[in-house]
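Okay, structure first, notes after.
The values are calculated or read from the model by the stated rules, or taken from the named source; none is laboratory data. Remember, predicted model here, so these are calculated numbers, not experimental data. Cβ coordinates were reconstructed from backbone atoms using ideal geometry, including for glycine residues, and neighbour counts include every protein chain displayed. Ligands, DNA and RNA are excluded from the accessible area calculation, which covers all protein heavy atoms including side chains. Shrake-Rupley method; radii C 1.70, N 1.55, O 1.52, S 1.80 Å.
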Amino acid sequence: GDAWKVSDDLREDGAQIDSLMSMRAMESTRALGENHESRFLAVANAAQTNANVNLVNGRPHRWIGGGAGVTTRVMSMSDLIGMKLAFDKANVPAAGRMAIVDPIVEATLNSLTNLVNVSNNPMFEGIITEGFAKDHKFVRNIFGFDIWTSNFLPVKTATEALNASSYNLANTTAAIGDVANLFMCVSDDSTKPIMHAWRRAPKTEGWRDNEERADKYQVTSRFGLGAQRVDTLGTILTTTLTY
């Protein structure tokens, strides 16, 4: 939740109180949205086992970016190909595949000169118009994944060693501060890796506190998130320092 108050003294001395109160309400909504997104992404990351490639049907669903023999921890084309293969081997539906990546990964993708020929789905049909808020940034579709950016992805607070060399992927250690880029399928409720339940949608209340001579406001909500399945979930850890 979130709460604030406006004292009578502030109303008497301020010149833009009504405007500031309106802005404060918008900031409260934004903060609740950021908290909601951060918790969703954290639950998705926690659904997998750390320091484990999380095999599904013989293919890894968690590794560090870079590709075979590389320790840069930077996203590469081989990582995207590897995740597509992992989802294909796990019988993940082709429709509704998406990836949520850090903006620095977008910079990496923008700098790949061999990326032009793998973009498709130019109309972005269904996924954008039906599934996501307008302030998420869509990058492009690569190998069937609609790529989105977020600044609220989980960040490593401890190192994590992952050896995916047997699968032509990186064998290295994720550093503190590295980000977990998440891949998933959201085609329907039975394939979504994370389930969400509202107990109380965001609700705004206001009242007068006569003892403090102030008007008080609060916004509260209750919801829960939990992992439903891990075969439709993938993670590629990357550095946030370079692209």
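Residues in the range 198-216: is at least one within 15 Å of Val53 (Cα to Cα) and either of a type in the set (Ser, Thr, Tyr) or assigned to a loop (DSSP other than H, G, I, E, B) (or both)?
Scanning the range 198-216 turns up no residue that is within 15 Å of Val53 (Cα to Cα) and either of a type in the set (Ser, Thr, Tyr) or assigned to a loop (DSSP other than H, G, I, E, B) (or both).
Of the residues in the range 8-19, how many are open to solvent by less than 90 Å² (accessible area, probe 1.4 Å) and either under 25 Å from Ser221 (Cα atoms) or in a helix (DSSP H, G or I) (or both)?
The total comes to 6.
Looking at Asp135, is it outside any loop (DSSP other than H, G, I, E, B), within 20 Å of Leu41 (Cα to Cα) and at pLDDT below 90?
no
Check the range 197-215 and report whether any residue there is β-branched (Val, Ile, Thr), more than 26 Å from Trp4 (Cβ to Cβ) and open to solvent by 50 Å² or more (accessible area, probe 1.4 Å).
No, the range 197-215 has no match at all.
Taking the range 145-166 as the search range and keeping residues that are modelled with pLDDT under 95 and open to solvent by less than 30 Å² (accessible area, probe 1.4 Å), which one is nearest to Gly234 (Cα to Cα)?
Phe145
Is it the case that the range 175-191 has a residue that's part of a strand (DSSP E or B) and either touching a Cys at 6+ places or on another chain (Cβ under 7 Å) or open to solvent by 10 Å² or more (accessible area, probe 1.4 Å) (or both)?
So far as the range 175-191 goes, no, none of its residues is part of a strand (DSSP E or B) and either touching a Cys at 6+ places or on another chain (Cβ under 7 Å) or open to solvent by 10 Å² or more (accessible area, probe 1.4 Å) (or both).
Which residue pairs have Cβ atoms closer than 6 Å, lie 6 or more positions apart in sequence or on different chains, and pair a first residue in the range 81-103 that is under 11 Å from Thr232 (Cα atoms) with a second residue that is open to solvent by 70 Å² or more (accessible area, probe 1.4 Å)?
Final answer for the pair search is Lys89/Asn57; Ala90/Asn57.
If I ask for residues that are over 14 Å from Leu233 (Cβ atoms) and touching a strand residue (DSSP E or B) at 6+ places or on another chain (Cβ under 6 Å), which ones from the range 51-73 would you list?
Quick first cut of the range 51-73, residues over 14 Å from Leu233 (Cβ atoms) only: 51, 58, 64-73.
Answer for the range 51-73, where residues must be over 14 Å from Leu233 (Cβ atoms) and touching a strand residue (DSSP E or B) at 6+ places or on another chain (Cβ under 6 Å): Ala51, Ile64, Gly65, Thr71, Arg73.
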